Structure formats: C-alpha cells, structure tokens
1. Can you compute the FRET efficiency between residue 268 and residue 18 using 1/(1 + (r/R0)^6), with r the Cβ-Cβ distance and R0 = 45 Å? Round to the nearest 0.05.
2. Which one of 190, 254, 241 has the biggest mean-square fluctuation once the chain is modelled by GNM with Cα springs under 10 Å?
3. Along the three principal axes, how long is region 3-120 when you take its alpha carbons, biggest first, rounded to the nearest angstrom?
4. Considering the chain as a Gaussian network with a 10 Å cut-off on Cα pairs, which listed residue, 99, 223, 75, attains the greatest mean-square fluctuation?
5. What are the semi-axes of the equivalent ellipsoid of region 124-174, taken as the square roots of 5 times the eigenvalues of the Cα gyration tensor, listed largest first and rounded to whole Å?
6. Could you calculate the contour length gain from residue 167 to residue 218, that is, 0.36 nm times the residue separation minus the distance between their Cα atoms, to one decimal place in nm?
7. Under the rule of -39500 (n - 2.57) per DSSP H run of 4 or more residues, summed and divided by the residues of the chain, what mean residue ellipticity at 222 nm is obtained, to the nearest 500 deg cm²/dmol?
8. What whole-number value in cubic angstrom gives the convex hull volume per residue for the C-alpha atoms of the chain?
Amino acid sequence: MSIAYLNGEYLPLAEARISPLDRGFLFGDGIYEVIPYYDGKSVGLVPHIERMIDGLAAIEIKCNKSADQWKVLLDDLIARNAGATNNLGIYVHVSRGTDVKRFHAYPENVEPTIFCFTFDIKDPEPVDREKVHGYTVTTSEDLRWKRCHIKSTALLGNVMHFQQGHASGNSECLLYNANNELTEGSSVNAFIVKDGVVITPIQDNQILPGITRRIIIDSLKADGSIKVEERTVTMDEVHNADEVWISSSSKEIAPITHIDGTPVGDGKAGPVWEAAFRLYTAAKFTNS
Ligand code: PDD
C-alpha cells in the first residue's frame, strides 16, 4: 500500500485521518497538484511546485514551505514508494486547515493541512499513431466558475462535466464558453491542428495553466518545425480540425478520435500528434 505524507508524518495511506472540520472537506478550500514520475524521474516538478505556490498565494493559504523543501518532500515520498513499478503519480493537497467551527471567512492562526500520496501510472503511450490509444469526447458549455486558472480542490464543476462524458461512454468532455469558444476539457487542456499548425486557447482565467500544455508549447517552439499558436479557438474550428488533442500530467498528449460520435479527420491519431509527442517525449524531463 502507498505510504502517504500527512502533516509531517509518513504513514500507510489507509491510516491517514483528517478532521471533518478541515476546510478542504467542508468547503473544498485548498490547492492540489498531480505530478508524474517515470522510472523515478519527474515531469515538470519545478513548474508544478511553482504553480502550487502561486495557487496558495492566490487564495491566501500561508504555507511556509519553500520550493526546495517541497522538492525534497516529494522526491522522498517517491523514493519511499518505489517498488515493482517506478511509474508513479503524486497527489499533493494543501487545504487551509482545521477550524473549530464552520464559518466561511478565512480563519486566523490555522495550520494548513498537507497531504500527499502516490499512485501507479501507466507506461507512456508509444510514439506511434497506429498504436496509440485514442480518446473519444463529448462536448458541453463550460458551466464551471470564472477562476479556472486556480488549481482548486473544489472540483465539483469539473467532476460534473467529466461525468457527462463518462455517462455517455466517452473519456472526456470538451468545454466551450458562451461565445462558442473552446476553453479546455474537464480535467485536461485542449489543442487542435489545422493545416499543420497547432493551436490552443490562450492562458487566461478560463483554463488551468497546464504544465503538460506548457511543455508541449515550449518543445514545439524550441524545435521550430511545427508552428504553434495560442489564440481563441472556436468550436467550429474544433469540429473542422484535422487533429484534436488533450493534454494532462496523466494523459501526456492524447489524440481525440471522435467528438460527439463524429470522427476527427480520418478518426485516427494524426501525423502532427506523432511529431509533437516525439518532441514532448524528448523534452519532458528537462524542468525537474
Ligand atoms: N488534471 N485542465 C484541468 C481542468 C485539469 O484538471 C488538468 C489536470 C489540466 C492539465 O494540467 P497538467 O498538464 O498540469 O496536468 C488541465 C489533473 C491531472 C487531475 O485533476 O487529476
């Protein structure tokens, strides 16, 4: 069983306990991260930690761990959990802490609750458009809140959209705003490809600033052979795209084969996906 970290202690995950008065439990008042490690090497550890520190500052949770202290803690937890498979994800959760009553305002003098555990993740997909697992998605108007750039543990809006996709036999739900513009998926960022150009929505309050998204954009720009644009993407463009991809720490870059039952392009992973996934794979351990 996974060894978890809870408020300074290491213990078996099933033995970890928090108070029901923890504000993470009562209000979803916290910040989280999911960080992948393949063969013990992390992907984007530094930017993941930076995003978490930014998220904690945005909601005024005073957690005085430095980026270096986080790195030591997380690497240590991976080492403690290394086993038959060394492909592990870490879930990191910092809530505002446990109050003595249920009261909406931020309490004074409460220590944040820090909880981390590891879980097995799959081997990376092959860099081969004939063999990669493709995903099908549904679509929905984005009915979450207007602070999607904060990686909040309050995920009910995301969970409800994910469930829409899941209930109809799909593995994600692509979301669009009131102007019919793509935002992201319920637990992923989104990209389209048209005429060889990779296009993804700009990083604003409508999307999570995904670490995988950033590694993809940076690796494409560094290579220079595939043009990449961050701009508004309409749902018409999504439906007429040659390729559509989703990205996240657990899915890396995953091709979408069908949207609402209609094939994307020829209904298979495309050549630009394969080229981009090769570049991403070569670059992914750089910032760790
Ligand atoms: N999901 N957008 C949303 C809404 C997400 O929840 C995630 C990540 C992403 C991709 O971000 P990144 O590349 O940094 O993983 C985009 C995580 C993995 C989750 O909730 O499990």
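1. In this case the efficiency is close to 0.50.
2. 241
3. Computed over the Cα atoms, the extents are 45, 30, 19 Å.
4. It is 223.
5. Equivalent ellipsoid of region 124-174: 26, 15, 9 Å, largest first.
6. 14.9 nm
7. Counting only the DSSP helices, I get -8000 deg cm²/dmol.
8. Convex hull of Cα atoms, per residue: 133 Å³.
Only the coordinates and a few stated rules stand behind these numbers; no lab work does. Source: prediction; values computed, not measured. All Cβ positions, even for glycine, are placed from backbone atoms using ideal geometry, and neighbour counts span all protein chains on display.
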